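Shown next, in structure tokens, is the structure this report addresses.
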Amino acid sequence: MTALKSLLFLFVAPGMVAGYIPLALLRSGPRIETGFLAYLAFPLWLVGGVILLWSFWNFLIQGRGTPAPIDPPKELVATGFYRYVRNPMYVGVLLMLIGHFLWFEFTWLIVYAAVAFLIVHLFVTLYEEPTLRKKFGASYEQYLQQVPRWVPRFK
């Protein structure tokens, strides 16, 4: 049942943010020519999608829960891409949104990506992190010290 709930959440939340809304923004608006950078869209879509799906899998298997705030993981997830950034699902979606902009060249797509990132950042800092601090205590505090929020530190 948890797998089904995770799949449903995948289509609703990231599907809406990285799929339906950007498609709606393709109808009109100013464009910025990205030239050869447009070809970076494919690796961004691929890498972003892999990060997103792998992170969903980690929540399901290691966390024994879903990414949905109403049915969160029961265990702190610190493996897979969670070893490098605390929010790999959001990073994956952002990479896909940047790919959308590079390929389709609509200005609204990059504006949307920036606004979506700002909203997610506020959600993470004002809700998710305080909630996880309460739930997981010292182990989450240690995780906060070791793993950056958005940009990985490769040693």
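Numbers at a glance
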quantity	calculated
Residues Glu105, Glu129, Glu75, Glu33, sorted so that the one with the fewest Cβ neighbours within 10 Å comes first	Glu33, Glu75, Glu129, Glu105
Val50-Gln146 FRET efficiency (beta carbon distance; Förster radius 22 Å; 0.05 resolution)	0.45
For a label point 7 Å along the Cα-to-beta-carbon line of Ala68, residues of the range 103-130 with backbone N under 13 Å	none
The chain: calculated mean residue ellipticity at 222 nm from DSSP helix runs of at least 4, using -39500 (n - 2.57)	-18500 deg cm²/dmol
Segment Ile61-Glu128, extension gain: residue separation times 0.36 nm, minus the distance between their alpha carbons	22.1 nm
Folded to 0 to 90 degrees: helix 41-61 orientation relative to the chain principal axis, Cα	20 degrees
Extreme residue, positive dipole direction of the chain, given options Thr34, Thr66, Trp108 (C-beta unit charges)	Thr66
Extended-chain gain in nm, criterion 0.36 nm per residue less alpha-carbon gap, His121 and Thr107	2.9 nm
FRET efficiency, 1/(1 + (r/R0)^6) with R0 41 Å, evaluated for Arg153 and Ser28 via beta carbons	0.50
Using alpha-carbon coordinates, inclination of helix 2-15 to the longest axis of the chain, degrees	30 degrees
Nearest 10 degrees, 0 to 90: helix 88-104 Cα axis against the chain principal axis	0 degrees
Contact order normalised by residue count of the chain, Cα under 8 Å, 6+ apart, percent	30 percent
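We did not get these values from a lab; they are worked out from the coordinates using the rules stated. These figures come from a predicted structure and were not determined experimentally. Cβ: placed from backbone, ideal geometry, glycine included. Neighbour counts: every protein chain shown.
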